[in-house]
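Let me begin by presenting the structure, written as structure tokens, before commenting on it.
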Amino acid sequence: MLDVARRFRPVSFLRRFTDLLALHKLNVLHLHLTDDQGWRMPVAAYPKLTEVGGEPHGGAYTRQELSALVAYAAARGVTVVPEIEMPGHARAALAAYPELGNEPSRRLTVWDRWGVCENVLGVHDQVLDFCRGVLDEVMETFPSPHVHVGGEECPTTEWERSSDARRRAAAEGLPGPEALHGWFMARVGGFLTERGRRPLGWTESGSDLPVGFTAVPWRAAEHGLTAARRGQDVIMAPYRSTYLDYPQSDGPHEPPGQPGGVVSLRDVYDLEPVPAAWEPAAAARVLGTQAQLWSEYVPTAAHAEYLAFPRLCALAETAWSPHRDWPGFQRRLIHHRTRLDALRVPSRLPHDLAHHVPHHTPLGPPPGEETGR
Ligand code: ACM
């Protein structure tokens, strides 16, 4: 997963990144296209999404660019899986279309902070129409079987305050406004399922998504087991093994990354996508594993490649190999580094880059503190 919402990356970079994935037999490029800080997916029915949400950090793709990327990736055995965040992480959409919010008269800017934003989509019919309209165009652009609709880090404070949302919860027979999250996800998930797609969502407990969703546990591997036991397919993405925005070491040369931890090459290598203790029925639910490159702390394309490799080499071996051979992996990586060098994948960042301070440094607490990572 590549976060192109927090930092826009041109398609030239995405094509090169796709080549690097294919080289490592990684067969999915999950594009995180929207978030509080940006909206990069063009939607003809809602042009302000990219006009407003494409700023301030960089821009947006055109439909032609994305379709060409899908074809380019397919020719290399890589499926591009789109992600449109809802109902949280949607502040860029709210900046473009305030009427989608819980206070339709309020004007919001695209967010210029990191962390979890309290502003979320409303739950009125117009919002569901919006989500369906966006997903229609997403499905036209991306033929992937799976479509990711986010779902995580959605504070319910605005719904609790809103009389409209409380009315909606009551009308739907829900116990309270908190239950609107599952209700909302069921609506968009059902919409995708009816059109032959499989909805994907981030899970924070293993039981917070409707059972029709393929669950992506990002906090703890055990949440994958919970979801699998409910009959959900699972893609393992526990942050301590697969979040590449954390520094790869605590060495002095390491550029600033997501605070709060280190995800070393060995940590990635030791990930067990199907933990041995899981019963066979649950184990059979694991479709695979994926790494995440969130981009709050990733100012440049070179920096992104530096963080991705060699940890994606470890992920590839972990994902595809039935057994572990850490000494052998390290030996083979010495030779493989020659290939990465020839492809100009940086193994170090120049000093000035390593100490580069992002132009929008966090104003609030670092995301790690708020996300419960
Ligand atoms: C996530 O880290 N927000 C899935």
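The values are calculated or read from the model by the stated rules, or taken from the named source; none is laboratory data. Everything numeric in this text was worked out from a predicted model, so none of it was measured. Note that each Cβ is placed from the backbone with ideal geometry, even for glycine, and that neighbours are counted across all protein chains shown.
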Count, please, the residues in the range 197-233 that happen to be outside any loop (DSSP other than H, G, I, E, B), touching a strand residue (DSSP E or B) at 6+ places or on another chain (Cβ under 6 Å) and aliphatic (A, V, I, L, M).
5
Scan the range 343-359 residue by residue and report those that are in contact with a helix residue (DSSP H, G or I) (Cβ under 6 Å, 6 or more places away or on another chain) and either modelled with pLDDT under 95 or in a helix (DSSP H, G or I) (or both).
Leu349
Yes/no for Trp111 being of a type in the set (Phe, Trp, Tyr), surrounded by 14 or more Cβ atoms within 10 Å (Cβ to Cβ) and within 18 Å of the chain's Cα centre (by Cα):
yes
Residue pairs within 7 Å by beta carbon, gap of at least six or interchain, first lying in the range 209-226 and buried (at least 21 other Cβ atoms within 10 Å of the Cβ), second of a type in the set (Lys, Arg), listed first then second, are Thr214/Arg198
Taking into account only those residues within the range 94-111 that are in contact with a Leu (Cβ under 6 Å, 6 or more places away or on another chain) and not in a loop (DSSP other than H, G, I, E, B), which is farthest from Arg161 (Cα to Cα)?
Ala96
Quick one: which residue in Gly58, Gly133 is under 23 Å from Trp294 (Cβ atoms) and more than 16 Å from the ligand (Cβ to nearest atom)?
Gly58
Per the filter on the range 9-49, residues free of Cβ contacts under 8 Å to residues at least 40 places away in the same chain and not in a loop (DSSP other than H, G, I, E, B) are Ser12, Arg16
